[in-house]
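A.B. asks: Got a structure for you, written out below as structure tokens; questions coming shortly.
The values are calculated or read from the model by the stated rules, or taken from the named source; none is laboratory data. Remember, predicted model here, so these are calculated numbers, not experimental data. Don't worry about glycine lacking a Cβ; one is built from the backbone with ideal geometry, like all the others, and counts go over all protein chains shown.
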Amino acid sequence: MRFAGRRIVVGVTGSIAAYKAPLLVRELVREGADVRVVVSPTATHFVAPGALRTFAPTVLELFPAEFPGTWHIEWARWAEAMLIAPCSAATLGKLAAGIPDTAPMLVACALPATTPLVLAPAMDSEMWEHPATVGAVAQLRRRGVWIVPPAYGELASGSVGVGRLPELESILGTLEAALLLGVQQPLHRWDGLRVLVTAGPTRERLDPVRFLSNFSSGRMGYALAEAARDRGAEVVLVSGPTALPQPPGVEFVRVESAREMAAAVLERADTADVLCMVAAVVDFAPRSSSPTKLHKSGQGTMLLELETTPDILATVAQRRRPGQLLVGFALETDSEWGSAQRKLHEKGCDLVVLNSLRWGAAGFESRFNTIAVLSRQGYVRMFPPRSKRVCAEWILQCVQELRSPDAGSGGQAR
């Protein structure tokens, strides 16, 4: 359980998405967290307090009868992290200005400076894009607050746009990263930095209904894109086919084949400062694709002629300009360390992220991973099993160390 024993205060504020709060609290409790809940008066229009009390102690008022007058100080000191989900536009503004006029605001404004605060905004697009909200978000990020941008989709107003409560896994992944790393430090901000990430598998068509591919879910690449975005970077995510929702706040490019991914990457690589080549690109493609469905023959076998696909990582390495940082990824089944070292040097990477199907909590489809990071400078850092979002933070810390040697990565030398 990734939140086993962790003490978390959940704030629920006045957004129609508050009806999802009991599901969030239930999941935290299911993952082992010790949870307390604070609810604003307007949130009670959208969620029944009894639904929250089913899972955790819940406070609705500034001066609850069942707790002493300084309850908010005790709760703020007790918490290892605070999560406000949904976080309304009004709450964002009040947090930026420091106005403790509701129970969630009272606890948030009493948090020690070392306790991370995670916000998951939900509101209509016009409110999210309003200059006052934009300014409040920027100010809170400068203070080290973790903000999970709202998702794209159908909104309560009937319009379609950015404003939905982020997906549950995005919220929990960010909360896990916040508990591990603490308050975001200005040293680790990537404002103005351009990051290109590839993710997911590619597909190479045999005929109109079949293709060659692999089991990549895209989760690791999407987690890296989200982590870089949350540090303030301008992110381009080039993704093969996945079942994952498009991450908000990034430029999203959907491709299918290795050749399409190569074209999309090379078109954008020159302007990137950091390139993270996470995608599991299929190594071989049919020499030709049938325009019609292939049918069984009476012979019992079929011979497919395959050709190699473009080596995107090697091509980017050959073309990269001075100052660019290149991160390669290696998923292996045997001879892991030798294969990763060869990729590091033969492909010209600055870092290679290694994981093996033989390691625990690693591989395709899983929400978790076990990684090692190898550097051209000669260090190897092995990290324990964690969610892919936490792994993404560790990888970006290693990148940060290359950019600023005084910003330690927190890894364990091997």
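A.B. asks: May I ask you to verify whether L62 is surrounded by fewer than 20 Cβ atoms within 10 Å (Cβ to Cβ) and not assigned by TED's automatic domain parsing to the domain that holds F368?
C.D. replies: It is true that L62 is surrounded by fewer than 20 Cβ atoms within 10 Å (Cβ to Cβ) and not assigned by TED's automatic domain parsing to the domain that holds F368.
A.B. asks: If you don't mind, there's one more thing I want to ask. I need every pair where a residue in the range 48-68 that is β-branched (V, I, T) has its Cβ under 6 Å from the Cβ of a residue that is surrounded by 15 or more Cβ atoms within 10 Å (Cβ to Cβ), sequence separation at least 6 or different chains.
C.D. replies: If the second residue must be surrounded by 15 or more Cβ atoms within 10 Å (Cβ to Cβ), the pairs left are T58/V37; T58/P49; T58/L52; V59/V38; V59/A103.
A.B. asks: Still on this structure: Of these, P384, P405, which one is in a loop (DSSP other than H, G, I, E, B), modelled with pLDDT of 85 or more, surrounded by fewer than 16 Cβ atoms within 10 Å (Cβ to Cβ) and out of contact with any Asp or Glu (no Cβ under 7 Å at 6 or more places or on another chain)?
C.D. replies: P384
A.B. asks: So, one more: When you go through (1) out of contact with any Gly (no Cβ under 7 Å at 6 or more places or on another chain); (2) in a helix (DSSP H, G or I); (3) crowded, with 18+ Cβ neighbours inside 10 Å; (4) not charged (D, E, K, R) one by one for A138, which number turns out not to apply?
C.D. replies: Evaluating A138 over (1) out of contact with any Gly (no Cβ under 7 Å at 6 or more places or on another chain); (2) in a helix (DSSP H, G or I); (3) crowded, with 18+ Cβ neighbours inside 10 Å; (4) not charged (D, E, K, R) leaves (3) as the failure.
A.B. asks: Check E226 against each of (1) crowded, with 22+ Cβ neighbours inside 10 Å; (2) in a loop (DSSP other than H, G, I, E, B); (3) among the acidic types (D, E) and name the one condition it does not meet.
C.D. replies: With respect to (1) crowded, with 22+ Cβ neighbours inside 10 Å; (2) in a loop (DSSP other than H, G, I, E, B); (3) among the acidic types (D, E), E226 is out only on (2).
A.B. asks: For the range 274-297, give me each residue that is exposed (fewer than 10 other Cβ atoms within 10 Å of the Cβ) and either among the basic types (K, R) or in contact with a Pro (Cβ under 6 Å, 6 or more places away or on another chain) (or both).
C.D. replies: Scanning the range 274-297 gives R287, K296.
A.B. asks: A further question on this structure: Considering only residues of the range 261-305 that are over 24 Å from the mean Cα position of the chain (by Cα) and acidic (D, E), which is nearest to P241 (Cα to Cα)?
C.D. replies: Looking at the filtered set, the residue picked out is D283.
A.B. asks: Would you confirm, using the coordinates I've provided, whether G32 is surrounded by fewer than 17 Cβ atoms within 10 Å (Cβ to Cβ) and more than 21 Å from A122 (Cα to Cα)?
C.D. replies: Yes: the conditions hold for G32.
A.B. asks: Give the residue, chosen from G338, G300, that is assigned by TED's automatic domain parsing to the domain that holds A272, surrounded by fewer than 15 Cβ atoms within 10 Å (Cβ to Cβ) and among the small types (G, A, S).
C.D. replies: Going through G338, G300 in turn, the sole match is G338.
A.B. asks: For the range 151-178, what are the residues that are closer than 23 Å to R7 by Cα, out of contact with any Asp or Glu (no Cβ under 6 Å at 6 or more places or on another chain) and either part of a helix (DSSP H, G or I) or aromatic (F, W, Y) (or both)?
C.D. replies: Matches in the range 151-178: L168, E169, S170, I171, L172, G173, T174, L175, E176, A178.
A.B. asks: Next up: So if I check each of R26, R77, which one is touching a residue at least 24 places away in the same chain (Cβ under 8 Å), touching a Phe, Trp or Tyr at 6+ places or on another chain (Cβ under 8 Å), in the same structural domain as S157 (by TED's automatic domain parsing) and at negative phi?
C.D. replies: Only one candidate passes the filter, namely R26.
A.B. asks: What single numbered condition from (1) at pLDDT 95 or above; (2) among the hydrophobic types (A, V, I, L, M, F, W, C); (3) outside any strand (DSSP E or B) fails to hold for A51?
C.D. replies: The number of the failed condition is (1).
A.B. asks: Next up: For the range 230-241, does any single residue satisfy the condition of being under 26 Å from L206 (Cβ atoms), surrounded by 15 or more Cβ atoms within 10 Å (Cβ to Cβ) and among the aliphatic types (A, V, I, L, M)?
C.D. replies: Scanning the range 230-241, I find at least one residue that is under 26 Å from L206 (Cβ atoms), surrounded by 15 or more Cβ atoms within 10 Å (Cβ to Cβ) and among the aliphatic types (A, V, I, L, M), so the answer is yes.
A.B. asks: Let me ask something else. The conditions are (1) in contact with a Phe, Trp or Tyr (Cβ under 6 Å, 6 or more places away or on another chain); (2) over 16 Å from G221 (Cα atoms), and S356 fails exactly one of them. Which is it?
C.D. replies: Going through the list (1) in contact with a Phe, Trp or Tyr (Cβ under 6 Å, 6 or more places away or on another chain); (2) over 16 Å from G221 (Cα atoms), S356 breaks only (1).
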